[in-house]
Structure formats: C-alpha cells, structure tokens
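Some notes on the structure that comes next.
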Amino acid sequence: NVTRYYEFTISRGRISADGVLRDVMLINNQFPGPVVEANWGDWIQVIVHNNISNPFEGTSVHWHGQVQKNSPWEDGVPGATQCPIAPGHTYTYKYQAELHGSSWYHAHYSAQFTAGVAGPLIVHGPSALPYDIDLGPVMLSDWYHIPYFSIVADAVGTNLSLIPPTSDSVLINGRGRFNCSDASYSSSDEWLSSNIKSNITWTCVDDAPLSSFRFQAGKTHRIRLMNHGANGVQRFSIDNHNLTVIATDYVPTVPYTTDVVTLGVGQRTDVLVTALGTRDAAIWMRTSAPGGEPCGGSSNPETLAAIYYQDADVTTLPTSSSSASYNSSDCSNDVLTLTTPEFAITPSSNSWTQDLSLTLELNSSGIFEFMVNGQAFHSDFNVPLLPQAAAGNLTFHPEWNVYNFEQNTSIILNLTNNMPLTHPFHLHGHNFYVLAVGEGNGPLGATSEGPNGGPGFTPGATWDGTVVNPTNPMRRDTIIIPPNGYAAIQFELDNPGVWPFHCHVAWHLSGGQAINILYKHEDIPALPYGDVAETCVDWEYYTNHTVV
Ligand code: C2O
C-alpha cells in the first residue's frame with residue numbers, strides 16, 4: 001500500500017466567506033482546508049505545522065471517523081492522545097485509511113474547527129457503485145462573524161441566554177451570502193465585549209459569490225455531504241431532484257430515496273443524484289439550519305449553490321424554488337428503519353450497559369457547564385490520557401471523565417438528554433450500532449429550579465430497551481440525540497485505547513460535554529512514544545516560557 005503525503009501549515013488569516021470579513025484560522029491559506037484523499041488501505045501522512053500566532057495557540061488535527069486501530073496515538077486529541085502542537089512546532093500524523101467513504105478532518109483544540117481548521121477526507125473504496133460522476137465533497141456549515149473564543153466564553157458563562165448563539169450565515173463549500181442590512185448583523189454585534197468589537201473590521205459586501213457545480217444530463221452524480229459546522233443541524237436538498245442515500249458516515253447503507261438529508265455536526269451522508277433536467281437546466285442546491293432551538297439556535301439562514309447542466313447559461317443564477325418537504329421544527333436523522341447497513345452485523349449479546357445522563361447545570365462556581373452524569377469534562381493538556389493508560393497508570397482525576405470498561409467485550413451507552421437542545425454525539429475509534437433513538441415528549445424549556453439554583457429542564461424520555469433492526473442495526477460514528485430524547489448505542493471493545501465520546505456542537509464540547517472511554521489498557525499498541533512525548537516537551541516548554 002502506498003503512502004499519501006500532505007503538509008499543513010495552520011495560521012491566522014482573514015476571509016469573507018459570506019461577504020463579511022472575519023478573522024479565521026486557515027490550513028495552507030485555504031478554506032475549507034485541502035482535500036486529503038487516499039485509496040482504502042493506503043497510509044496517509046500529514047505533516048502539521050502550527051504557525052498560529054498573535055496571539056499564539058496550540059493545535060492538533062483529528063481524522064474524524066477513521067478508527068486508528070493500530071495507531072490510537074494518531075487520533076489528534078490534545079489531552080487524550082497527545083499534547084497540543086505548540087506554537088512554532090510540528091507534528092507528523094501517519095495512519096492507515098481503514099474505512100472508506102466520505103469524512104472530514106479538523107482541529108481538536110478548543111473550537112478551532114469552527115474558525116476554519118477543517119477540510120474533507122475522502123477514501124476511495126473498492127466497490128463499483130452505480131454512479132458516473134463524483135462531484136466530490138459538498139461541505140455544509142453554519143458561520144459566525146464573532147470569534148470562536150468569544151462564543152466559547154459565553155457557553156461556559158453565567159448567562160443562559162447567551163449559550164445558544166445566533167449563526168449569521170450558512171456556507172456550502174465555504175461560500176454563502178450575508179445580507180448587509182440584516183438586523184442580525186447588529187444583534188450579533190451586541191454580544192461582543194468592547195475590546196473584541198474594536199478588533200473586528202466589519203466590512204460587509206452584498207452578493208458574495210456562491211459555490212457552483214456542474215451536472216451532466218442523464219448521468220448519476222455522487223455527492224459527499226458533510227456538516228463541518230459549529231452547532232446547526234443542516235437540511236440539504238436539490239430543487240426538483242431526488243437524493244438516493246448510499247452511506248451514512250463511513251457505513252454503506254441499503255439505498256433509499258428522499259428529497260431532504262439531515263446532518264448534525266460531524267455527520268456525513270453520501271447521496272446519488274440522477275440529473276433528470278434538460279441540458280440547459282440550472283437549479284439550486286440549498287441547505288439551512290432549522291430555525292431556533294432546539295434545532296441549532298440559528299436564525300434560520302439558508303444558503304444556495306448553483307448547479308448548471310452542461311449547456312446552461314452560467315452567467316445567470318438559477319431561478320428554481322425548493323421542492324423538498326419537511327417539518328421545519330424537526331431536526332432528527334432519518335428513522336432507523338430506513339437506514340440499514342449494506343453489510344449486516346449483529347451486535348454481540350453479552351454487553352454491559354452504562355447509563356449516561358446529559359444535563360446543563362451551574363457548577364459549584366456558578367458557571368454553566370454541559371455535564372455527563374453530573375461531571376463536565378476538563379482536560380489536562382500536559383497529561384494526555386492514552387500514554388498514561390498504556391503505561392498502566394489508571395488513576396484519573398474525576399474532571400477527565402474517564403470511563404474504564406477494561407475487560408468487557410461490548411458496551412451499551414444509554415443516553416438520556418435532559419435538555420431542550422440537540423446533541424450530535426460522536427465516538428472516536430469505532431462505528432457504533434444505533435439500537436434506538438427517541439424524541440422527548442415534555443414541553444421544551446426550563447420548567448423548574450435545578451441544581452445549584454440553575455434552570456431545571458424537563459427530564460429526557462428514556463429508552464424502553466427495544467432495539468430497532470436487532471440483527472442488523474444502523475451503524476455510524478455520530479448520532480443526533482433529539483431534544484429531551486434518548487439514544488442507545490452499542491459498540492464492540494475491539495480497539496484498545498482511550499476514545500473521546502462527545503457532543504460535536506462546538507460550544508457544548510467546550511462546555512464539558514465529553515467523556516473518555518478506556519478499555520483493555522494492556523492491549524494498547526505500543527506507542528511510538530518519542531513523537532507524542534515530544535509534543536508534551538514542546539508544550540510544557542511553551543506554557544512555562546510564554547514569549548510575548
Ligand atoms: Cu470530529 Cu472528537 O471529533
């Protein structure tokens with residue numbers, strides 16, 4: 001198998017993705033980042049330079065959905081598998097493309113992925129799928145004009161109303177359009193502390209360029225949808241065209257046809273689209289974050305990208321209107337009975353069940369945190385968990401939220417969402433079976449006084465133990481847990497290591513909504529500890545000798 005070589009330089013930059021100039025972080029000055037592409041079984045090597053300065057920040061890159069079976073130390077999570085890549089330093093990731101399909105990579109340091117450090121990760125599989133043209137990645141994302149650290153600061157603050165921020169735009173492949181006279185422009189501006197406000201250049205240009213794609217009449221096109229946003233659930237459709245779903249995350253599914261695809265942050269869906277228009281047709285693809293909480297807290301901006309057939313006039317914009325039908329207040333994935341994996345696997349029957357209760361609570365210092373079983377996750381960048389566990393040091397601080405399943409063979413996580421918020425939960429290192437997902441039925445919103453004087457929420461609905469498709473349940477690596485709802489997932493403990501399991505909403509993750517799953521520490525593959533240790537030596541030196 002060959003090795004595919006890439007080199008990333010991560011630095012600060014400024015772009016106007018939607019017409020509004022904004023401070024961002026870029027890989028090789030590109031947004032979204034460069035496509036990383038390989039064939040199934042190839043090795044992927046990426047040299048990552050941290051050139052983030054003024055101010056300096058650490059960084060890391062995570063390869064979302066790749067299972068890192070023989071290389072758990074390459075998972076790219078500061079505090080779990082490595083120390084952050086210190087400013088001015090370099091780390092080289094090398095891992096095998098063990099799963100094929102469509103995914104993305106992103107920084108796993110704070111909420112940097114929402115600042116622009118994200119890009120597509122495409123692994124070509126062996127199968128001859130029934131399509132003619134690969135349109136490549138179509139990346140969907142909400143977009144915020146204010147810097148991520150300011151939103152993160154509010155998410156772990158004292159004001160509940162600031163926790164779900166308003167998205168200013170939605171982007172398709174890094175492009176969207178903001179209406180410069182939009183009221184939300186000034187209202188999002190209001191949230192900023194004055195010192196941040198004075199550092200932002202609020203230039204806005206109307207009619208920013210949109211992304212565009214080509215269709216060939218009569219041909220079938222593969223579109224690789226991914227939600228690399230911060231918060232909003234995306235709803236994707238193409239005017240007057242059906243979408244045939246062939247994979248969810250890295251798992252090929254029995255094909256089914258729909259007119260709208262829903263993706264939570266971190267999720268991917270591969271669809272086939274047969275171009276049934278005339279040779280001169282021009283139509284819109286569109287995506288929007290459903291309006292308001294519980295679907296993502298956005299003000300429901302929609303964005304468009306043009307699709308031009310081969311003889312279409314590319315100098316004029318399409319004029320089609322939406323043909324998709326959906327309930328605008330529903331933000332769930334498609335029902336589990338629709339999404340059956342192509343290759344059947346029956347979950348093992350001797351599993352251990354761990355209940356996990358998700359809450360938003362004031363902590364003892366009066367700050368809101370997203371808690372799992374009453375504890376928010378706080379990492380210690382100087383003490384990554386994987387090398388600790390591999391060395392047999394199994395004493396962990398409670399704030400590290402380590403769940404040690406040691407010698408079990410299979411685990412069920414039974415999650416109850418006691419919040420009127422949507423949580424796309426992602427597990428590193430595995431595809432999991434989705435045994436059941438359910439909506440809550442209580443009223444949305446605070447109902448009573450909760451712990452530490454915070455808001456009390458309607459308790460989430462609970463799973464009754466019924467499994468959908470028990471001999472071949474849906475599998476994927478990220479699942480939307482509905483507001484006040486539940487989800488039950490199961491996975492086999494076949495990849496010894498330390499694996500984060502977290503909500504992929506940037507503000508919820510930064511607010512502590514994460515645990516780390518450890519098992520079979522004695523079977524963790526030997527670490528090429530030189531490399532990981534070096535990130536820690538560099539990071540410790542950096543944090544002790546901050547050069548201003
Ligand atoms: Cu997309 Cu913890 O990752």
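Here, each number is a calculation from the coordinates, and none is a lab measurement. No experiment lies behind these values; they were computed from the predicted model shown. Counting neighbours? That spans all protein chains shown, and the Cβs are built from the backbone with ideal geometry, glycine included.
Candidate cross-link partners of LYS520 among the aspartates and glutamates, defined by an alpha-carbon separation under 14 Å and a same-chain spacing of 8 or more, comprise GLU406, GLU492, ASP494. Near the amide H of ALA80, within less than 5 Å, lie the amide hydrogens of LEU385, all on another chain or at least 5 residues away, with H placed in the peptide plane.
Rounded to the nearest 500, the 222 nm mean residue ellipticity of the chain from helices alone is -2500 deg cm²/dmol, with -39,500 (n - 2.57) taken per DSSP H run of at least 4 residues. Region 456-498 and region 50-84 have Cα centres spaced 26 Å apart. In a reduced charge model with +1 at each Lys and Arg Cβ and -1 at each Asp and Glu Cβ, region 352-529 shows a dipole moment near 260 debye about its Cα centre. Taking other C-beta atoms within 10 angstrom as a stand-in for reagent exposure, VAL170, VAL156 fall in the order VAL156, VAL170, fewest first. Residues whose amide H falls under 5 Å from that of ASP134, counting only those 5 or more places apart or on a different chain, are ARG222, with hydrogens built in the peptide plane. Applied to region 43-59, the Karplus parametrisation 6.51 cos²θ - 1.76 cosθ + 1.60 on θ = phi - 60° returns per-residue 3J(HN,Hα) values of 9, 10, 10, 10, 8, 10, 9, 8, 10, 6, 9, 6, x, 6, 8, x, 7 Hz, with x for Gly and Pro.
The magnitude of the dipole of the chain, with charges of +1 and -1 set on the Cβ of Lys/Arg and Asp/Glu and taken from the Cα centre, is near 680 debye.
Of all aspartates and glutamates in the structure, those lying under 13 Å Cα to Cα from LYS94, and not within fewer than 8 positions of it along the same chain, are GLU7, ASP42, GLU74, ASP75, ASP531. Look at CYS536, CYS83 and count the other Cβ atoms within 10 Å of each Cβ; fewest to most, that gives CYS536, CYS83. Between region 99-173 and region 386-442, the C-alpha centres lie 22 angstrom from each other.
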